[in-house]
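Beneath this line is the structure, given in structure tokens, with notes to follow.
The values are calculated or read from the model by the stated rules, or taken from the named source; none is laboratory data. These figures come from a predicted structure and were not determined experimentally. We place every Cβ from the backbone using ideal geometry, glycine too, and count neighbours over all the protein chains shown. Areas reflect the complete protein model, heavy atoms only, side chains present, ligands, DNA and RNA absent. Shrake-Rupley method; radii C 1.70, N 1.55, O 1.52, S 1.80 Å.
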Amino acid sequence: MKKLSLLLILVLMISGCASSQTSYVHPEIPSVYYEIFVASYYDSNGDGMGDLDGVREKLPYIQETLGISNVWFMPVMPSPSYHKYDVTDYKAIDPQYGDLESMKNLLTAMESRSMTLILDLVLNHTSIEHPWFTQAVAAKQTNTCDSNKYCEYYNFSDTWQTGYREYAPGIWYESVFSEHMPDLNLDSLEVRREISDIVTYWLDMGVKGFRLDATSHYYADDVARNNEFLDWLNTEVKTHTKDAYIVAEAWIPNAIVTDMYASNIDSFFNFGLSQANGMIAKSVKKGDGQSLAQFVAEYNQAIKVNNENALDAPFLSNHDQGRSATYFNDVDQQKMAASLYLMMPGNPFVYYGEEIGMKGSGVDENKRLPMVWSQKETTGQTKAPQNADYTVPFDSSVADQEKDKASLLNHYAHAIKIRNKYPQLVTSSPTAVTSSAALYVMRHDDITVIHNLSQELQTLPGSYSILDTIQGSAKASSDGLQIEGMSSIIVRDK
């Protein structure tokens, strides 16, 4: 009898482990991306700084717990700043994060899991400490630019101009963002050769694409010139790696972003959806699903006019914005917001910590606080960026929420698992279906995504089969589909 009991316990343990391991649904077309600020993610060596080895340790969490197969790193190249958006060497890893061997080990581990990594590529400017710039200004000061190619790498002037700063008497350099970030001269053929060499270097290593920073600033909001450069860069990347993915930041009105899709870049972040004043937050708070569905459908139609292969990139917040948990009233609104953008067309982006409702606003450092893995254990915990001053307490963690079936983390995991089952959400042209104001109803070929943003039951006329319930509940009746308040489902016409 004891042997039988032990055997039964062993079988239950094995089946339990198998269930956990097979819960992840690998998507036919991976489309969800996870943004990581490496310094604040996971510390593998106890120095208080997140690192590449730490991310490698957390790949099971990203893929198996969350269900995400694609990662975007904020800059990891050497830089004098904590955020590393002022690069000093485009072909190296900042020593705080590891080295090239650490990167290769991470990429090998990701490849074994069929995961991909895209790197933040900052091309609008470099660090003032970059050897290109130090050699250029040295040549300017000694009047030897005729024999120094680096003088053409940047934009210099003998007098003041808008966007220029004085380096030394009679030497002004373009530096729109900061005195520590001189702007590159992207018209220079030498600079373009350098950039081509840089992207080839990382693609050869196994990186699968790039996030491009500040693309509307390349040529001071000149759409035509920005598009020309982006089209050139896209060709360079895709010629080397056909299936590489490029997503660009252009923090400008969506009406202008649609024009930038003519550059053939795969995706631009949809800032019209994000932040406290974006369409997602407004719609959730007003209970207005129909306006949001129309916005999403019309925007996706507009970007495909300029690029038939365009993919939207919806998100709630990122490293430059106050975290979304700070402007939603409660966890129910956070769950609805997650359900909305994770079921939108294109490639949704999740900012690390968003899945557990981390908070942060004010100075940029507050938006990049350490990932909270546990409230009890300190293993892997990183230190906050030096100037962070956010004092609002956060009393949850990954460990806490993994145990709670009703947690925000488990809601994210559930929603992403469902999304991973439907390639139509990436490949189809979405069509908004007119219904009651509270309902977001979007048809994607043979499936329809429905969210009820109100607290009240809503009825959608028609005959449907419910394929998946993301949250809440719904049932078919003789009157149509009965959708409970704050519910999200995927259906198919009967």
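What to note about this one:
- Taking residues in the range 58-77 that are of a type in the set (Ser, Thr, Tyr), and partners anywhere that are at pLDDT 95 or above and in a loop (DSSP other than H, G, I, E, B), the pairs with Cβ atoms closer than 7 Å and at least 6 places apart or on different chains are 69/114; 69/115.
- Entry remark, the range 317-352: residues being under 21 Å from residue 83 (Cβ atoms), out of contact with any Gly (no Cβ under 8 Å at 6 or more places or on another chain) and not acidic (Asp, Glu) number 9 in total.
- Across the range 381-398, the number of residues qualifying as open to solvent by 30 Å² or more (accessible area, probe 1.4 Å), over 22 Å from residue 275 (Cβ atoms) and aliphatic (A, V, I, L, M) comes to 1.
- The selection criterion, being out of contact with any Lys or Arg (no Cβ under 8 Å at 6 or more places or on another chain) and open to solvent by 10 Å² or more (accessible area, probe 1.4 Å), holds for residue 213.
- Residues of the range 196-208 classified as surrounded by fewer than 20 Cβ atoms within 10 Å (Cβ to Cβ), outside any loop (DSSP other than H, G, I, E, B) and within 23 Å of the chain's Cα centre (by Cα), total: 6
- If you go through the range 329-380 and pick out every residue that is touching a helix residue (DSSP H, G or I) at 6+ places or on another chain (Cβ under 6 Å), under 25 Å from residue 485 (Cα atoms) and surrounded by fewer than 21 Cβ atoms within 10 Å (Cβ to Cβ), you end up with 2.
- Looking only at the range 153-174, and only at residues there that are closer than 24 Å to residue 85 by Cα and in contact with an Asp or Glu (Cβ under 6 Å, 6 or more places away or on another chain), the one that is surrounded by the fewest Cβ atoms within 10 Å (Cβ to Cβ): 163
Residue-wise test of (1) open to solvent by 20 Å² or more (accessible area, probe 1.4 Å); (2) among the small types (Gly, Ala, Ser); (3) part of a loop (DSSP other than H, G, I, E, B).
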| position | (1), (2), (3) |
| --- | --- |
| 82 | yes, no, yes |
| 88 | yes, no, yes |
| 97 | no, no, yes |
| 103 | no, no, no |
| 107 | no, no, no |
| 110 | no, no, no |
| 114 | yes, yes, yes |
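- The number of residues in the range 414-431 being more than 19 Å from residue 29 (Cβ to Cβ) and surrounded by 20 or more Cβ atoms within 10 Å (Cβ to Cβ) comes to 1.
- Search result, residues across the range 394-421 that are under 15 Å from residue 34 (Cβ atoms) and of a type outside the set (A, V, I, L, M, F, W, C): 412, 417, 419, 420
- Of the set (1) open to solvent by less than 10 Å² (accessible area, probe 1.4 Å); (2) under 23 Å from residue 83 (Cα atoms); (3) assigned to a helix (DSSP H, G or I), all apply to residue 409 but (2).
- Which numbered condition residue 211 fails, given (1) assigned to a helix (DSSP H, G or I); (2) within 21 Å of the chain's Cα centre (by Cα); (3) in contact (Cβ under 8 Å) with a residue 24 or more places away in the chain: (1)
- Given (1) assigned to a helix (DSSP H, G or I); (2) within 19 Å of residue 255 (Cβ to Cβ), index of the condition residue 221 fails: (1)
- Taking (1) in contact (Cβ under 8 Å) with a residue 24 or more places away in the chain; (2) on the phi < 0 side of the Ramachandran plot; (3) not acidic (Asp, Glu) in turn, residue 98 satisfies each apart from (2).
- The condition (being touching a residue at least 24 places away in the same chain (Cβ under 8 Å) and more than 21 Å from the chain's Cα centre (by Cα)) is satisfied by just one residue among 226, 234, 264, 254: 226.
- Flag for residue 437 being farther than 19 Å from residue 292 by Cα, in contact (Cβ under 8 Å) with a residue 12 or more places away in the chain and either part of a loop (DSSP other than H, G, I, E, B) or open to solvent by 30 Å² or more (accessible area, probe 1.4 Å) (or both): no
- Residues in the range 240-288 that are assigned to a loop (DSSP other than H, G, I, E, B), open to solvent by less than 10 Å² (accessible area, probe 1.4 Å) and not polar (S, T, N, Q) were compared, and the one that is nearest to residue 33 (Cα to Cα) is 244.
- Residues of the range 289-319 that are open to solvent by less than 40 Å² (accessible area, probe 1.4 Å), of a type outside the set (A, V, I, L, M) and out of contact with any His (no Cβ under 7 Å at 6 or more places or on another chain): 299, 300, 307, 312, 314, 315, 317, 318, 319.
Per-residue answers, yes or no, for (1) in a loop (DSSP other than H, G, I, E, B); (2) in contact with a Phe, Trp or Tyr (Cβ under 7 Å, 6 or more places away or on another chain); (3) over 23 Å from residue 49 (Cα atoms); (4) not hydroxyl-bearing (Ser, Thr, Tyr):
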residue	(1), (2), (3), (4)
365	no, no, no, yes
388	yes, no, no, yes
391	yes, no, no, no
399	no, yes, no, yes
413	no, no, yes, yes
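- Residue 451 passes every criterion in (1) touching a Gly at 6+ places or on another chain (Cβ under 6 Å); (2) part of a strand (DSSP E or B); (3) exposed (fewer than 15 other Cβ atoms within 10 Å of the Cβ) apart from (3).
- The single residue among 64, 28 that is open to solvent by 10 Å² or more (accessible area, probe 1.4 Å), at pLDDT 95 or above and farther than 27 Å from residue 364 by Cα turns out to be 64.
- Options 337, 313; residue that is of a type in the set (A, V, I, L, M) and within 20 Å of residue 408 (Cα to Cα): 337
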